[in-house]
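Read through the structure below, which is laid out as structure tokens, and then see the notes.
The values are calculated or read from the model by the stated rules, or taken from the named source; none is laboratory data. What you see is a predicted model, and the numbers here were worked out from it, not measured in a lab. What goes into the accessible areas is simple: the full protein's heavy atoms, side chains included, and nothing from ligands, DNA or RNA. Shrake-Rupley method; radii C 1.70, N 1.55, O 1.52, S 1.80 Å.
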Amino acid sequence: MVAAVVSFGVGATLFNDMPLTGLDYARIASKTCLVSFLAMMGYLTIVRASPVARASGWQPRISALIGTNLIFVALLFLTPRSDLSVSQHLLSAALILTGNGLCVYVLSHLGRSFSIMPEARRLVSDGPYRVVRHPLYLAEQIAVLGIFIQFASMVTAVLVSVHFAFQLRRMFNEEKLLSETFPEYPAYMRRTARLVPAIW
């Protein structure tokens with residue numbers, strides 16, 4: 001979701017006489033996935049079904065807001081590294097492209113059940129949800145890892161760690177709500193890893 005931060009240079013390359021490099025193409029592909037992901041999020045927010053249950057209290061809402069926005073806000077104040085090699089740039093772009101592409105794929109399965117706040121609409125257990133319980137968070141973390149390479153520092157490492165801690169809190173909040181709402185969810189939890197396929 002943050003590919004735009006590291007791909008702002010693509011436009012400049014497109015409008016001068018310099019030929020596009022592999023890195024430029026990776027950035028363009030990543031940005032295309034980003035735009036598709038954001039457009040799909042906006043559309044699904046409008047057409048999504050009404051929730052059958054919502055998490056109570058402020059903690060789930062605060063965790064959702066911070067987990068969703070911390071990295072994006074922080075990047076406004078961070079300076080990209082200028083000493084990265086071509087291979088590091090390509091690795092970063094590949095991770096961002098993979099993460100954003102997976103986000104689009106996951107949203108296509110989540111459909112009208114998408115939400116940022118912890119809300120239950122229907123139990124989705126097919127597609128990527130057959131592999132892990134939180135594939136959208138996994139996809140986002142892959143993209144965030146690509147961003148971290150571009151802005152690597154101790155401050156960025158702390159911010160990414162805090163971001164991930166709130167994402168974990170969101171997972172626990174959602175699992176609690178879904179367990180209370182759908183009787184079949186505990187069985188789904190027992191047979192499906194939380195975030196890392198076949199591991200955790």
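For region 61-165, carbon and sulfur atoms together expose 70% of the accessible surface, with a 1.4 angstrom probe and every protein chain in place.
Which log10 I(q)/I(0) values, to two decimals, does region 112-168 give at q = 0.21 Å⁻¹ under the Debye formula with one point per Cα? Treating every Cα as an identical point scatterer, log10 I(q)/I(0) equals -0.88.
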